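All remarks here apply to the structure that follows.
The values are calculated or read from the model by the stated rules, or taken from the named source; none is laboratory data. Since the structure is predicted, the reported quantities are computational estimates derived from the model, not experimental observations. FYI the Cβ positions are ideal-geometry reconstructions off the backbone, even for glycines, and counts take in every protein chain you see.
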Number of protein chains: 2
Amino acid sequence: MTFSMDITETDGNARTGVINTVRGEIRTPAFMPVGTAATVKAMKPETVCETGADILLGNTYHLMLRPTAERIAKLGGLHKFMNWSGPILTDSGGFQVMSLAKLRKITDEGVSFQSHIDGSKHMLSPERSMEIQRLLGANIVMAFDECTPYPATKKETEDSMLLSMRWAKRSYDAFHDGSDHGEENALFGIVQGGVFEDLRHRSVSALKEIDFDGLAIGGLAVGEGQDVMFEVLDFTMPEMPKNKPRYLMGVGKPDDIVGAVERGIDMFDCVMPSRSGRTGQAFTRRGTVNMKNARHIDDPRPIDADCACSACQNYSRAYISHLIRSGEILGPMLMTEHNLTYYQDLMAGLRAAISQKTLSNFVEKFHQQRAKGDIDEI
Amino acid sequence: MTFSMDITETDGNARTGVINTVRGEIRTPAFMPVGTAATVKAMKPETVCETGADILLGNTYHLMLRPTAERIAKLGGLHKFMNWSGPILTDSGGFQVMSLAKLRKITDEGVSFQSHIDGSKHMLSPERSMEIQRLLGANIVMAFDECTPYPATKKETEDSMLLSMRWAKRSYDAFHDGSDHGEENALFGIVQGGVFEDLRHRSVSALKEIDFDGLAIGGLAVGEGQDVMFEVLDFTMPEMPKNKPRYLMGVGKPDDIVGAVERGIDMFDCVMPSRSGRTGQAFTRRGTVNMKNARHIDDPRPIDADCACSACQNYSRAYISHLIRSGEILGPMLMTEHNLTYYQDLMAGLRAAISQKTLSNFVEKFHQQRAKGDIDEI
């Protein structure tokens, strides 16, 4: 087992360090760009690497349907297939099967559903999810869980959490089947329990009894709002193991990430920088900017003067605005590159600040810059 | 005036050399990727450069409508706007206004028309075309002409050619208005006359009386077929000036280019490699390959084993097939990069063969490889 985490410095509840995997190091706190269908949309993997990303996320649900995990395995695994040599984390399929699949039916055994692409019938269970993630060759495998709907009553949330805990144990047993994949790579459990303190605590306790290599917090960023999310972190994080990676799934906006890092989170993933980039929203040090706004069409300045990405170094807002208006593919390419660079720069800034024990100054400056709003109109 | 052409070697009617511009050298025979709306679709300019392209083509019609030539000029010109420091040739708008614009009306003065984007009213004339190309900062400016419809009667073709010749003289006068742009850059005339030998000869004679820096052959690749196109080249090329660039507009397929180079053409442009790339057609040494075909979905081999582009070095047919089927933007990105690399490799091969006076061997091998068909099915 090569997987381990070294925490090199802490600042308050925040920590910085390195996660070691068979595919190389992940500097934490880390942001994982999402490569849904074996590609970070509109990006070559070498460009994703240049933004500063150490690890990508792949989607079990999407890949099992197309091109199928078996096909990817036969072609040498996901790393080779998509030309990414660094670590890959795959989700379990649980979240997408709930939000995308048609006619899903949940039992204790697992979830049967129809593909949103062609209506074909499939099944996901802890055992099948582990099999798919092994076929893909993931370096961090996520336990199969049910993402509890929000809002939900306490009873619904408890039942859902208990189902996820039973599935967590089955995931662990299926992952540790003696295969090389299980020996060399990591399995993370997922804490559920909605917004209820006692349920979150019971969930962490249940997962601690299983020897997971890291724990994720699931079921947040589903509509509860930042205040509630931070509150859940405040009462959950003290219970989490200190020496293992802590991953906040599907989060989030830049200020969500900053607040979660302050509370001790090590890993994040979110489609926001890439998806927003494709629809014309840029993330900058002074907040988000809608590049579709008419005020950009004559603006010779870059999206973000402090950004070193090639979109900001080589192109004006006027040009990027023209690309978006003309429906040119280069628009999403440059916007995604910029947004992912912004996210990675934010993570690098957080890591440096924690290393220097200056996180509170960093966070203050982060909020001050955003409060100024976008650069003055010209 | 920096513009000049050095012919370094000939082989039969074919020639190789260098065209010198204020923006650098163009190795000939040259293929110019088309950057319609100030972008070679799905490509960063640095990647276009890596394929081996020395010069890009920009479209007057598209750019005058969006973002407008005046806006590009205010932002520092087309080179800066689109981040391409090498030479740029712009067409005159004549071809697109005939094929794309709505409600066009042609008089001796010029063409009035409505934008295909928003229906707004515009006018193109020799004088306005020269003004737009100057605002864009083109290094090779094309005379404003009428692209004769095909098929057309001899009378229609003659009238159209004579109109283009009157417009050629007005283009020359408007280009040489004493501005720095006219002093430093080049203006090409366009030979018209359809498929009629005497009309083509009269057109070349008329253009020779004007001191153009190069001549283009227009009105071909409009449906007449390769045999007729080569026939027109066979009777037109001997009349063309020997010491100036000769540009065959809008051509073409790889075997069109090879045959035209054998007949003495120095420059080409065509949307085919980029457009076909976006729709799943790959150009290879063994002919064209439809990447949408089901036989590729498990194929671990590259599109073209002899190609050094990153699409062929890093990805399988299976992966590219997956991207195309999934509608992923990376599909067009990789396909366009491959196709443009194939075209530039072809031009490099033609240049080397002419330099070594082995063009006939090169052409024979070119056709032999294609006759084999795509790599064997697996």
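Observations
- For first residues located in the stretch B:343-372 and under 19 Å from B:Val251 (Cβ atoms) and free of Cβ contacts under 8 Å to residues at least 24 places away in the same chain, partners that are buried (at least 16 other Cβ atoms within 10 Å of the Cβ) and among the aliphatic types (A, V, I, L, M) and lie 6+ apart or on another chain with Cβ distances below 7 Å form the pairs B:Phe362/B:Leu350; B:Phe362/B:Ala353.
- Filtered residue count, the stretch B:1-22, keeping only those that are of a type in the set (A, V, I, L, M, F, W, C) and modelled with pLDDT under 95: 1
- Scanning the stretch B:28-63 for residues that are closer than 16 Å to B:Tyr342 by Cα, more than 14 Å from the chain's Cα centre (by Cα) and surrounded by fewer than 22 Cβ atoms within 10 Å (Cβ to Cβ) turns up B:Thr47, B:Cys49, B:Glu50, B:Gly52.
- Residues that are surrounded by fewer than 24 Cβ atoms within 10 Å (Cβ to Cβ) and either of a type in the set (D, E, K, R) or more than 14 Å from chain A (Cβ to nearest Cβ) (or both) within the stretch B:79-99 comprise B:Lys80, B:Gly86, B:Phe95, B:Gln96, B:Met98, B:Ser99, listed in sequence order.
- Listed conditions (1) in a loop (DSSP other than H, G, I, E, B); (2) over 20 Å from B:Pro245 (Cα atoms); (3) free of Cβ contacts under 8 Å to residues at least 40 places away in the same chain are all met by B:Pro149, apart from (3).
- Flag for A:Gly223 being modelled with pLDDT under 95 and either more than 30 Å from B:Lys74 (Cβ to Cβ) or in the same structural domain as A:His367 (by TED's automatic domain parsing) (or both): yes
- Answer from A:Thr8, A:Thr51 - the residue that is farther than 28 Å from A:Met240 by Cα and more than 14 Å from chain B (Cβ to nearest Cβ): A:Thr51
- Filter result for B:Glu25 (modelled with pLDDT of 95 or more, under 19 Å from the mean Cα position of the chain (by Cα), away from every other protein chain (no Cβ under 14 Å) and more than 25 Å from B:Ser171 (Cβ to Cβ)): yes
- In the stretch B:3-36, the qualifying residues are those that are in a loop (DSSP other than H, G, I, E, B) and touching an Asp or Glu at 6+ places or on another chain (Cβ under 6 Å), and the one that is farthest from B:His122 (Cα to Cα) is B:Pro29.
- Within the option set A:Ile354, A:Ile375, being away from chain B (no Cβ under 14 Å), farther than 14 Å from A:Gly280 by Cβ and part of a loop (DSSP other than H, G, I, E, B) holds for one residue only, A:Ile375.
- The number of residues in the stretch B:37-51 that are assigned to a loop (DSSP other than H, G, I, E, B), in contact with a strand residue (DSSP E or B) (Cβ under 9 Å, 6 or more places away or on another chain) and touching a residue at least 40 places away in the same chain (Cβ under 8 Å) comes to 3.
- Filtering A:Ser120, A:Ser112 for residues that are over 29 Å from A:Cys49 (Cβ atoms), of a type in the set (Gly, Ala, Ser), more than 14 Å from every other protein chain (Cβ to nearest Cβ) and surrounded by fewer than 17 Cβ atoms within 10 Å (Cβ to Cβ) leaves a single hit, A:Ser120.
- Residue check for B:Glu127: within 14 Å of chain A (Cβ to nearest Cβ), surrounded by fewer than 20 Cβ atoms within 10 Å (Cβ to Cβ) and assigned to a helix (DSSP H, G or I): no
Let's see how each residue does on (1) among the aromatic types (Phe, Trp, Tyr); (2) within 17 Å of the chain's Cα centre (by Cα); (3) more than 30 Å from B:Arg71 (Cα to Cα):
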site: A:Asp211; (1), (2), (3): no, no, yes
site: A:Asp255; (1), (2), (3): no, yes, yes
site: A:Met272; (1), (2), (3): no, yes, yes
site: A:Ser276; (1), (2), (3): no, yes, no
site: A:Pro302; (1), (2), (3): no, no, no
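- Subset of the stretch A:310-324 (residues that are more than 7 Å from chain B (Cβ to nearest Cβ), among the aliphatic types (A, V, I, L, M) and more than 30 Å from A:Glu364 (Cα to Cα)): A:Ile320, A:Ile324
- Restricting the stretch B:289-309 to residues that are surrounded by fewer than 17 Cβ atoms within 10 Å (Cβ to Cβ) and not in a loop (DSSP other than H, G, I, E, B) leaves a set whose member that is nearest to the other protein chains (Cβ to nearest Cβ) is B:Ala294.
- Selection from the stretch B:213-259 of residues that are in contact (Cβ under 8 Å) with a residue 24 or more places away in the chain, more than 23 Å from B:Glu9 (Cα to Cα) and part of a helix (DSSP H, G or I): B:Gln226, B:Val228, B:Met229, B:Glu231, B:Val232
- If the condition is being in a helix (DSSP H, G or I) and among the charged types (D, E, K, R), then the stretch A:168-202 contributes A:Lys169, A:Arg170, A:Asp173, A:Asp180, A:Glu183, A:Glu184, A:Glu197, A:Asp198, A:Arg200, A:Arg202.
- Residue within the stretch B:115-122 that is within 26 Å of B:Gly24 (Cβ to Cβ), of a type in the set (S, T, N, Q), in contact (Cβ under 8 Å) with a residue 12 or more places away in the chain and in contact with a strand residue (DSSP E or B) (Cβ under 8 Å, 6 or more places away or on another chain) present: no
- Only one of the listed residues (B:Gly349, B:Gly327) is more than 10 Å from every other protein chain (Cβ to nearest Cβ) and surrounded by fewer than 23 Cβ atoms within 10 Å (Cβ to Cβ). That residue is B:Gly349.
- Test: residue in the stretch A:56-67 that is in a strand (DSSP E or B) and within 14 Å of another protein chain (Cβ to nearest Cβ): yes
- Within the option set A:Ser160, A:Ser205, A:Ser164, being assigned by TED's automatic domain parsing to the domain that holds A:Ser129, within 20 Å of the chain's Cα centre (by Cα) and either free of Cβ contacts under 8 Å to residues at least 40 places away in the same chain or part of a helix (DSSP H, G or I) (or both) holds for one residue only, A:Ser164.
- Looking only at the stretch B:352-378, residues that are at negative phi and loosely packed, with under 13 Cβ neighbours inside 10 Å come to 9 in all.
- Any hit, the stretch A:275-284, residues being charged (D, E, K, R), within 14 Å of chain B (Cβ to nearest Cβ), surrounded by fewer than 22 Cβ atoms within 10 Å (Cβ to Cβ) and under 27 Å from A:Asp91 (Cβ atoms): yes
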